[in-house]
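The next block holds one structure in the form of structure tokens; read it before the comments.
What follows draws every value from the coordinates through simple rules; no lab data is involved. What you see is a predicted model, and the numbers here were worked out from it, not measured in a lab. Here the Cβ positions follow ideal geometry from the backbone for every residue, glycine too, while neighbour counts run over all protein chains shown.
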Amino acid sequence: MFLTSNPKTRWLVYILSSIQGVGLAIMLNTATSLISDVIGKDADSSAFVYGAYSFFDKVANGLIIFVITSFFNHDETALRWIIGMTPIACAVSAFSLTYLGKILYSERLARLSITEEDLN
């Protein structure tokens, strides 16, 4: 659908998959950075927060893959749309939620990272 089996456009998959890989790496790095911002200087709970994030990430991905393979395994067009549009939808959602969080919660997150030593 997006890239047909036409030999004239088949080479585009290398460029587009590279761009997609870089974008997904940036999104993963941004998510990890946001978790670090939430944790702040609280070193006691950081292992739990990262562990919970990793666990829920794996569970959510497993459920999504299960649903996709269960319901769309015979529909090639649906799989092409899902594989092509999911990273784009996630990137737009991540940007929107990060921007919204910056607007609504930036002062609260700044206060979480301030310790007693910073106040003195």
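Only lysines eight or more places from Lys58 in sequence, or on another chain, were considered; those with a Cα closer than 27 Å are Lys41, Lys102. So how tilted is helix 46-71 from the main axis of the chain? Cα-based, degrees 0 to 90, rounded to 10. It works out to around 20 degrees.
Of Met27, Met85, the sequence from fewest to most neighbouring Cβ atoms within 10 angstrom is Met85, Met27. Please give the helix 12-39 orientation as an angle from the longest Cα principal axis of the chain, in degrees from 0 to 90, rounded to the nearest 10. Taking the Cα atoms of the chain, the angle to 12-39 is about 20 degrees.
Relative to the longest principal axis of the Cα atoms of the chain, the long axis of helix 76-112 makes an angle of roughly 10 degrees.
Enclosing the Cα atoms of the chain in their convex hull gives a volume equal to 125 cubic angstrom per residue.
The sum of -39500 (n - 2.57) across all DSSP H runs of n ≥ 4, divided by the residue count of the chain, sets its helix-only mean residue ellipticity at 222 nm to -28000 deg cm²/dmol.
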